[in-house]
Amino acid sequence: MKCAGLRILGCILALSCLLVVPVMADGGTGKGPADRYWGQWRGPLGNGIGPDANPPLEWSESKNIRWKIALPGKGHSTPIIWGDRVYVSAAAPFGDTVEPVATHSPGAHDYVAPTQRYKFMVLAINRADGRIVWERTLREELPHEGSHSTGSLASNSPVTDGEHIFAFFGSRGLYCLDMDGEVRWETDLGDMETLHAHGEGSSPALHGDTLIVNWDHEGQSFVIAFDKSTGKQRWKVDRDEVSSWSTPLVVVHEGKSQVIISATKRVRSYDLATGDVIWECAGLSSNVVASPVAAEGMVYVGSSYDFQAMLAIRLDGAKGDITGTEHVAWTLDQLTPYVPSPLLYGQMLYFIRHNQAMLSCLDTKTGEVRAGPFRLGGIRNVFASPVGASDRIYITDRSGSTLVLSHETTPEMLALNRLDDAFSASPALVDSELYLRGDRYLYCIAE
């Protein structure tokens, strides 16, 4: 089925004058710590949902802030939560300034060249009071490339299984730490050269005892798998791809674990055990940022750089090149996501046109419009991926505002909350808490 577009309902949300079974970070699928905690950047199910979370509806700088702490450096990575701690990565400048490093990418725009050395760090923070339990500097260096003016040098989110913390800084290395911050193993995968020096951002994925890293850039791209305990390479497969920023998603379907990666030329599925390609499908634009989501035997991918595209892929029987076949259940060509990844909540797929603050909602099975598109009053440019819990949707923008909507056929605005920071990192939800990582501060929001 082809959805040629989305009908405009003309609904403007306002305040005051503004009127498949994806797997958890440790490979679990039953109720337990892997379901409760936010161990990876899109949460325990990999789809942006906190299944048992019930965070506040309203907050401000003077309301429902359990604690707020200054961070040592900028980063757009999402905090991860396990047990009584929050873990966050950061890149902190230090020392004297130096002459700017020239970009390796002719034609780069809004490029910020590095002029200082940076400490690439991981911090463990007490959930109860915001106290820093430990901090570990993993590397100090002058980056070989800078990043886009809206980016950061710590945009790859860590992942944990409750026994290890895997911190990935792209060109600055991959590190396995224990829960007390001691480095167990590390590896250097080389230097990335991203398109137009836009920076790095793909996060590692973890399933069972296998850690997966996607390395798409302007050189030889590849996907690589490691034994999580030892750091030993299990397999490495070259990819015919250019720069992308999406994070791999591991899905178990018909008893087989597959690694799904969105990119410019192809969405590909790799056998987790061997690295062999199971299926592939063309149809996305270049500069893919949004990551896949999946449930009930379906995978959803989207992009919108040079053209707009979203694909719903049916996994049953998918093998080889499935472009244009019945395995593509439906497609969409308007208002598809670019930076924020979709939110998969029950039978509804939410996604945002980030620079227009337009929210759309489709039926996951048919691709038919369930609601929207809505122009979100009080929200502007959105980089953070939306999250959901307790039949609510949380959308945070780069100006410090978070819009809370009801999760229903026609979403209603429940609250518009403002903080004194800028937010590009995706929120994290656990228990009765919402964690927002800003350019300057980390907030724990709780009643």
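The residue that is farthest from Gln334 (Cα to Cα), counting only those in the stretch 355-400 that are surrounded by fewer than 21 Cβ atoms within 10 Å (Cβ to Cβ) and under 17 Å from the mean Cα position of the chain (by Cα), is Arg398.
Taking the criterion of being over 18 Å from Gly438 (Cβ atoms), in a strand (DSSP E or B) and among the polar types (S, T, N, Q), the only residue of the stretch 362-409 that qualifies is Ser406.
For the structure I just gave you, tell me whether Thr137 is modelled with pLDDT under 95, among the β-branched types (Val, Ile, Thr) and surrounded by fewer than 18 Cβ atoms within 10 Å (Cβ to Cβ). Taking the combined requirement at face value, the residue does not satisfy it.
Give the number of residues within the stretch 254-264 that are surrounded by fewer than 20 Cβ atoms within 10 Å (Cβ to Cβ) and within 21 Å of Ala329 (Cβ to Cβ). Let's see the steps before the verdict.
Looking only at the stretch 254-264, we keep the residues that are surrounded by fewer than 20 Cβ atoms within 10 Å (Cβ to Cβ), and these are 254-257.
Adding the requirement that they be within 21 Å of Ala329 (Cβ to Cβ) leaves 254, 256.
Matching residues across the stretch 254-264 total 2.
In the stretch 218-253, the residue that is surrounded by the most Cβ atoms within 10 Å (Cβ to Cβ) out of those that are among the acidic types (Asp, Glu) and within 30 Å of Phe307 (Cβ to Cβ) is Glu241. Scan the stretch 334-354 for residues that are outside any strand (DSSP E or B) and crowded, with 16+ Cβ neighbours inside 10 Å and the total you get is 10. Of the residues making up the stretch 304-321, at least one is under 20 Å from Gly201 (Cα atoms) and buried (at least 21 other Cβ atoms within 10 Å of the Cβ). Among the residues of the stretch 244-281, those identified as more than 16 Å from the chain's Cα centre (by Cα), among the polar types (S, T, N, Q) and not in a strand (DSSP E or B) are Thr264, Thr274.
Which one is surrounded by the fewest Cβ atoms within 10 Å (Cβ to Cβ), of the residues in the stretch 401-411 that are modelled with pLDDT of 95 or more and under 25 Å from Glu368 (Cβ atoms)? Can you show your working first?
So the first thing to find is which residues in the stretch 401-411 are modelled with pLDDT of 95 or more, and the list is 401-407.
Okay, now just the ones that are also under 25 Å from Glu368 (Cβ atoms), so 403, 405-407.
Working: Leu403: 25, Leu405: 24, Ser406: 13, His407: 19.
Result: Ser406.
Output yes when any residue across the stretch 168-186 is in a loop (DSSP other than H, G, I, E, B) and over 19 Å from Pro79 (Cβ atoms), and no when none is. Give the derivation first.
Of all residues in the stretch 168-186, those in a loop (DSSP other than H, G, I, E, B) come to 169, 173, 179-182.
Filter again for over 19 Å from Pro79 (Cβ atoms), leaving 173, 182.
Yes: the stretch 168-186 contains one or more residues that are in a loop (DSSP other than H, G, I, E, B) and over 19 Å from Pro79 (Cβ atoms).
Six or more apart or on different chains, Cβ atoms under 7 Å: show the pairs whose first residue is in the stretch 140-159 and assigned to a strand (DSSP E or B) and whose second is surrounded by 22 or more Cβ atoms within 10 Å (Cβ to Cβ) and charged (D, E, K, R). Short answer, once both residue conditions are applied: Glu141/Arg172.
For the stretch 254-281, a residue qualifies if it is of a type in the set (A, V, I, L, M) and over 17 Å from Pro337 (Cα atoms), and the qualifying residues are Val259, Ile260, Leu272, Ala273, Val277, Ile278. In the stretch 282-303, the residue that is nearest to the chain's Cα centre (by Cα) out of those that are under 22 Å from Lys365 (Cα atoms) and surrounded by fewer than 24 Cβ atoms within 10 Å (Cβ to Cβ) is Ala295. Cβ-Cβ distances below 6 Å connect the following pairs, each with a first residue in the stretch 317-335 that is among the small types (Gly, Ala, Ser), a second residue that is assigned to a loop (DSSP other than H, G, I, E, B), and a separation of six or more residues or different chains: Ala318/His327.
From the set of residues in the stretch 417-432 that are in contact with a strand residue (DSSP E or B) (Cβ under 6 Å, 6 or more places away or on another chain) and not hydrophobic (A, V, I, L, M, F, W, C), which is surrounded by the fewest Cβ atoms within 10 Å (Cβ to Cβ)?
Applying the first criterion (in contact with a strand residue (DSSP E or B) (Cβ under 6 Å, 6 or more places away or on another chain)) to the stretch 417-432 yields 417-418, 421, 423, 425, 427-430.
Filter again for not hydrophobic (A, V, I, L, M, F, W, C), leaving 417-418, 421, 427.
Numbers: Asn417: 24, Arg418: 13, Asp421: 18, Pro427: 27.
Checked the stretch 417-432; the qualifying residue surrounded by the fewest Cβ atoms within 10 Å (Cβ to Cβ) is Arg418.
Residue by residue, here is whether (1) modelled with pLDDT of 95 or more; (2) part of a strand (DSSP E or B) holds:
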| residue | (1), (2) |
| --- | --- |
| Leu6 | no, no |
| Asp26 | no, no |
| Thr29 | no, no |
| Trp41 | no, no |
| Leu57 | yes, no |
| Ile69 | yes, yes |
| Ser89 | yes, yes |
| Ser105 | no, no |
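The values are calculated or read from the model by the stated rules, or taken from the named source; none is laboratory data. This structure is a prediction, so every number in the text was calculated from the model and none was measured. Positions of Cβ are backbone-derived with ideal geometry, glycine not excepted, and every protein chain shown enters the neighbour counts.
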